[in-house]
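Here the structure is laid out as structure tokens; the discussion comes afterwards.
The values are calculated or read from the model by the stated rules, or taken from the named source; none is laboratory data. Predicted, not measured: the structure shown is a model, and the values here were computed from it. Don't worry about glycine lacking a Cβ; one is built from the backbone with ideal geometry, like all the others, and counts go over all protein chains shown. Side chains are part of the model used for accessible areas, which takes the heavy atoms of the whole protein and leaves out ligands, DNA and RNA. Shrake-Rupley method; radii C 1.70, N 1.55, O 1.52, S 1.80 Å.
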Amino acid sequence: MLLIPCPFCGDRDETEFAYGGDAGTERPADPGAATDEAWTDYLCFHDNPKGPHREFWFHRDGCRRWLTVERDTHTHELGAVRLSRP
Amino acid sequence: MRRQPFRAAEGGHLIDRSEPLRFDFDGHRQEGYRGDSLASGLLAAGVRIVARSFKYHRPRGVWGFGSEEPGAMVATGVREEVRPNLKATEIELADGLMAFGQNAWPSVAWDLGAAVGMAGNVLPAGFYYKTFMWPPRWWLALYEPVLRRMAGFGPAPSAPDGAFYAKRRMHADVLVAGGGPAGVAAALAAARAGAKVVLADENVRFGGGLLRAPGEIGESDGLAWIDAAIGELEAMANVRLLRRATVTGYYDHNLLLVAERAGGDAAPGTPETRLWFVRAREAVIAAGAHERPLLFAGNDRPGVMSASAAGGYAHAYGVLAGQRAVIAGNNDSIYAVARLLRGAGVSIAAVADARAESGARDLPCRPGRTVERALGSRRVRGALLRRTDGRAGDRSERIACDLVAVAGGWSPAVHLHTQARGSLSYDEERGLVLPDRPGGANRSAGAAAGRFDLDGCLAEGWAAGVAAAAASGHERPAGEPPRSPDRVAGDAPVFWRIGAGKQFVDLQYDVTAADVELAAREGYRSVEHVKRYTALGMGTDQGKTSGMAGLVLLSEAIGRPVARTGTTTFRPPYTPVPMAAMAAGLIGEGRDALRRTAADDWHEARGAVFTAAGLWRRPSYYPREGMDEEEAISAEVREVRAGVGIVDVGTLGKVDVQGRDAAAFLDLVYANRISTLKAGRGRYGLMLREDGRVFDDGVVMRLGENHFYLTTTTAQHHAAMQHMEFLLQTVWPELEVYATDVSEHWFAAALAGPGSRALLGEVAPGLDVSDEAFPMMAVRAATVAGLSALVFRMSYSGELSYEIAAPADHGLALWTRLLTAGREHGLTPYGTEAMGVMRIEKGHVTHAEADGRTTPDDLGLGRMVNAGRRSIGRRSLDLPALCRKGRQQLVGLAVIDPEARIPPGCQVAERDDMRPAAPLGHVTSFCYSPTLGRAIALALVENGRSRIGQTVYVASPVTGLAMAAEIVPPVFYDAEGTRLRG
């Protein structure tokens, strides 16, 4: 079980968090202008690397902040953990 | 005969001879002492056959001393409360204990299955892959029933485990796994440095190897030093000692799982097993080592056992594992064991040292020799000794004995180290698999790291404690590491087998040396494959004693160095953890918090039948005298439609949204436009997921220019809240919006029915309830029944209806005052069932229809989608897959036979013959409609809207029922909505 250093709450167990998926893609600013291909790519196709991965975690049972976490998917080592909203 | 013929006259530091205990094994009354294990009690009583083996049903005795025990598998308790697959070495004797040996019928001493042992050649390695296959029809009739009776392990209990199990969480600076000399030294150093220390050991007493054999620390006896150190630790506020507590798992980010068993003397209310989840900054792995067997024919016979265990029974329990012993091994430990046994009263017949150069004058030594074969069938009656250098012409020496104590060297317990992703190295010269680079914040010390001398263990343990304390931010402790005169390393050359015959590697799963070689001949190369093919190391002991022997045999058979063969993966748990302990807190009452609405007391007093809605409980219906469930629900529906009813909707999610950009934000969150709402008005709102599927629905009320109050469904309340917070914090952080979950702050009840206006007018005299002053979808702040409230005029039932929300603290007062005032109006409380019937009659969707696959258009809500193209999910609606023809669409189904009732899980079929065919769709919601006088349903049907008027079949292949139904528009009742105006 991961121990995630929440910038507000300190080191907290993974069970307090909800996983929020890949943080490496950005929502197109104008979805209406996106082609079907570009939109489907944004919706469905995400990298699944073995190694460093930037992802969202929600401190659901804590400060209810969305965090952007760098996690190595192979070793579970965590890198930088910061608020998604600066 | 004496009750305990094999108990020495004195000695045994774990037992209390003043307290004899009676216990029962395989139906025979036996006697032991307080402090005995079941294994020591059985040995003292002279019981040698404790269980039968898995495959051949060969007799099995006690081989080891603790959790490494491979053979002595027993069950305790009786019948429905039986506890199977326990190790006799780990069971503490208690007065009245009932235990049985496993895999035997009628008893371990006389076992019919042993006949299979004679026919053992039909069960070679991997037999389950190649025998009993043909003819196939014999499998169910013959093979399976017979094999099930014969094969593996204890009976399962049929009744729920009545004992109490618990879980606890703990944080520590340093967790020390193992309380032998190294572990205690580590704990002492870290604790003196000020670190918060947890020291866990699986035995009843701290001491590790010193429990089995005497040693000297400082100027005193080793155990006395341990006791003094434990006393010092016990008095420190920063230390927690866990006895009978096995560190069973090492997980990510230094989370360690410790399974603590209740002792025989535990206070009432102590959990049978308590699972500790310890988050430790640093861990010290001082888990010790396991003694290895020697491979020779008959090495599984009761009476062949680990030498250190044989010594341990004498030292710890004053129990003689035999009267006349042959001791064989490949390292110096055999001499100490021989002297220990001799001192306790065992006659030493021979000490066979596989190494040519060793010897001791005071013992009957046989240097350069080892056991070639253990004699006897049900128990050991002698041993054949033979030269290890294989010189020709040498004759075996036959020695009578009833105990063969074997010392094949030690395997460090690297399990926790590797669970933490640490790497291993193989020391060719010493024949040891050793921890190499650690994979977490941990360090191994003592025997677990390959140090077998007492002085080295103490020094290494102390150093590990100092380092762990430093790494967790503490200063160096005062004092020096304890010392011991025992500095003999005790390394063993690799020596495994001699002679031929049935040489067992895995005593629990009956894997022989020949089985491993057969696997190699059949082409297996990977140690993981050989493990699965032969079942080597797959028993409850997980090959603690046998793993190394199997590894060496395989390497020799395939001609590859041991270092390249590698070990199998060590996975948690290190020792078996009861399922009941893992399930603690996850089953039964108390698993979830029970949420009750503010009016719950009233519902309960009224005798409501409750239903679960997430964590909430809600009244399903209110039973009535002389009516069954359907009649009571139908009565509630009729009374609402004809008069006035009230329903508790306090479980809906409620969100308060404020801020300069609140309206703009809600336009992005909902698929329909919210910003055009005027203050004081509300609108039905539809939320989509980004992929265009309907996510949730509810009502949005505009209380002010920048102030909204919105509801979510009960089911999606948390998900919807999380969704909005995600959007605000990651997608549009520039918006100034504050979304606050106020679900706990507000209670709500809905008045519904043509009589609701008159009742509301009466309880809210200051509120103009006329249709002109308080139109549909308007919101008003008002005093209702003397309480401040918000009143929304909206409808879910299809009748004129008002939803009244009051602060939760006033919820019960609001509810009871409304019911009191409603008495003269015939106010009927109704539950979720009647609410569901009325919403199906009106064709409103819930999550049964918005099931994560349906778009607004599928549900007939396509017209609602008018938000801007930036809003969530809007873009996806234009993707070809979501616009194509042939999608399932929401329709109504009116069952033609008025007496028919729809069972759950129905398909919509074109025919009623139940022949397999792709269904047109499926029923999503169904009920008996008292308003229409027949069963009705909502369904998702392929091209449903174009099929209106067709007759189809509602089919339940499971129950064999099919009934004709007409496809109709999903709104069954008052399609024009005239009743909403009242």
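Mean projection of the Cα convex hull over all viewing directions, computed for the stretch B:611-760: 10.8 nm².
Using the Cβ-Cβ distance between B:A894 and B:A156 with R0 set to 35 Å, the FRET efficiency from 1/(1 + (r/R0)^6) comes to roughly 0.10. List the GluC sites (Glu not before Pro) within the stretch B:595-644 that fall in a DSSP loop (any state other than H, G, I, E or B) and whose Cβ has at most 15 other Cβ atoms within 10 Å. Loop-located and lightly packed - B:E625.
Taking 0.36 nm per residue of sequence separation and removing the Cα-Cα distance, the B:T611/B:A917 pair yields an extension gain of 106.6 nm. Using the rule -39500 (n - 2.57) for each DSSP H run of four or more residues, divided by the residues of chain B, the 222 nm mean residue ellipticity is -6000 deg cm²/dmol.
Measuring heavy-atom accessible area with a 1.4 angstrom probe and counting protein chains only, the residues of the stretch A:1-33 that give up at least 50 Å² relative to the chain alone are A:M1, A:L3, A:R27.
Return the loop-located trypsin sites (Lys or Arg not before Pro) in the stretch B:1-89 (DSSP other than H, G, I, E, B) with at most 14 other Cβ atoms within 10 Å of their own Cβ; answer none if there are none. Passing sites in the stretch B:1-89 are B:R2, B:R3. Just so you know, the averaged projected area of the alpha carbon convex hull for the stretch B:359-482 sits at 12.5 nm². Within the stretch B:1-98, the proportion of C-alpha pairs whose separation exceeds 22 Å stands at 25%. Using a 4.7 Å Cβ-Cβ cutoff, the cysteines of the protein assembly as shown lacking any partner cysteine are A:C44, A:C63, B:C365, B:C401, B:C457, B:C883, B:C906, B:C927. Each peptide in B:171-182, B:807-818 was scored by the mean count of other Cβ atoms within 10 Å over its residues; highest first, the order is B:171-182, B:807-818. For the protein assembly as shown, the antiparallel share of DSSP beta bridges with both residues in that region comes to about 75%.
Name the shape class, rounded, prolate or oblate, that the alpha-carbon gyration tensor gives for the stretch B:467-621, where a ≥ b ≥ c are the square roots of its eigenvalues, rounded holds for a/c under 1.5, and otherwise prolate holds if a/b is larger than b/c and oblate otherwise. Oblate, because a/c is 1.5 or more while a/b does not exceed b/c. Ligands, DNA and RNA are left out, and with a 1.4 angstrom probe the accessible area of chain A is 55 Å² per residue.
Figure legend: label point modelled 7 angstrom from the Cα of A:D41 along Cα→Cβ; no residues of the stretch B:871-889 have amide N under 16 Å from it. Measuring nothing but how far apart in sequence close Cα pairs (under 8 Å, 6+ apart) lie, relative to its length, chain A scores a relative contact order of 28 percent. Ellipticity at 222 nm from helices only: DSSP H runs of n ≥ 4 in chain A, each -39500 (n - 2.57), divided by the residue count, give -3000 deg cm²/dmol.
Rolling a 1.4 Å probe over the heavy atoms of the protein chains gives chain B an accessible area of 41 Å² per residue.
When restricted to Cα atoms, the protein assembly as shown yields an Rg and a Dmax of 37.0, 119 Å, respectively. A viscosity of 0.890 mPa s and a temperature of 25 °C, combined with the Kirkwood radius over Cα pairs in Stokes-Einstein, give a translational diffusion coefficient for the stretch B:340-382 of 208 µm²/s. With a Förster radius of 25 Å applied to the beta-carbon distance between A:T15 and A:N48, the computed FRET efficiency rounds to 0.60. Rg over Rh for chain B works out to 1.11, both radii taken from alpha-carbon positions and Rh defined as the Kirkwood radius. With both labels modelled 7 Å from their Cα along Cα-to-Cβ, the B:S377 to B:R532 distance reads 3.9 nm. The B-A contact accounts for approximately 2700 Å² of buried accessible area, totalled over both chains at a 1.4 Å probe radius. Using a Förster radius of 56 Å, what is the FRET efficiency between B:A563 and B:S107 based on their Cβ-Cβ separation? Nearest 0.05, please. Efficiency, rounded to the nearest 0.05: 0.75.
The per residue volume of the convex hull around the alpha-carbon atoms of the stretch B:648-725 is 86 Å³. Hey, if you drop one equal point scatterer on each alpha-carbon of the stretch B:220-323 and run the Debye formula without solvent, what base-10 log of I(q)/I(0) do you get at q = 0.23 Å⁻¹? Results for the stretch B:220-323 at q = 0.23 Å⁻¹ read -1.28. Per-residue packing, averaged as other Cβ atoms within 10 Å, sorts the ranges B:931-941, A:33-43, B:593-603 into the order B:931-941, B:593-603, A:33-43, beginning with the highest. Of the accessible area of the protein assembly as shown, computed with a 1.4 Å probe over protein heavy atoms only, carbon and sulfur atoms account for 52 percent. Sequence-ordered 3J(HN,Hα) estimates for the stretch B:299-307 from the Karplus curve with 6.51, -1.76 and 1.60 and θ = phi - 60° stand at 6, 9, 5, x, x, 8, 8, 4, 4 Hz, glycine and proline given as x. Residues of the stretch B:866-893 that bury at least 30 Å² of accessible area once all protein chains are present, compared with their chain alone (1.4 Å probe, heavy atoms only, ligands and nucleic acids left out), are B:R869, B:R870, B:R875, B:L879.
Modelled spin-label separation between B:D16 and B:R483, with each label point placed 7 Å from Cα along the Cα-to-Cβ direction: 3.9 nm. Spin-label pair B:T676-B:D436: with each label point 7 Å from Cα along the Cα-Cβ axis, the two points sit 7.0 nm from one another.
Taking 0.36 nm per residue of separation and subtracting the Cα-Cα distance, full extension of the segment from B:Y684 to B:A715 would add 9.4 nm. If you average 1/r over all unlike Cα pairs in the stretch B:566-664 and invert the result, what Kirkwood radius do you get in angstrom? Kirkwood hydrodynamic radius for the stretch B:566-664: 18.5 Å.
The contact residues of the stretch B:716-741, meaning those that lose at least 20 Å² of 1.4 Å-probe accessible area when all protein chains sit together rather than their chain alone, are B:Q722, B:E725, B:F726, B:Q729, B:T730, B:V731, B:P733.
For chain B, lysine pairs separated by 8 or more sequence positions, or belonging to different chains, with Cα-Cα distances below 25 Å total 17. Annotation: the antiparallel percentage among DSSP beta bridges lying fully within chain B is about 75.
What is the extension gain from B:S220 to B:T978, computed as 0.36 nm multiplied by their sequence separation minus the C-alpha to C-alpha distance, in nm to one decimal? Using 0.36 nm per residue and subtracting the Cα-Cα distance, I get 263.2 nm. Kirkwood analysis of the Cα pair distances in the stretch B:858-898 returns a hydrodynamic radius of 12.6 Å.
Across the stretch A:30-47, rounded Karplus estimates of 3J(HN,Hα) from the backbone phi angles (6.51 cos²θ - 1.76 cosθ + 1.60, θ = phi - 60°) give 10, x, x, 8, 6, 5, 4, 5, 5, 5, 4, 4, 5, 6, 10, 9, 10, 6 Hz, Gly and Pro being marked x.
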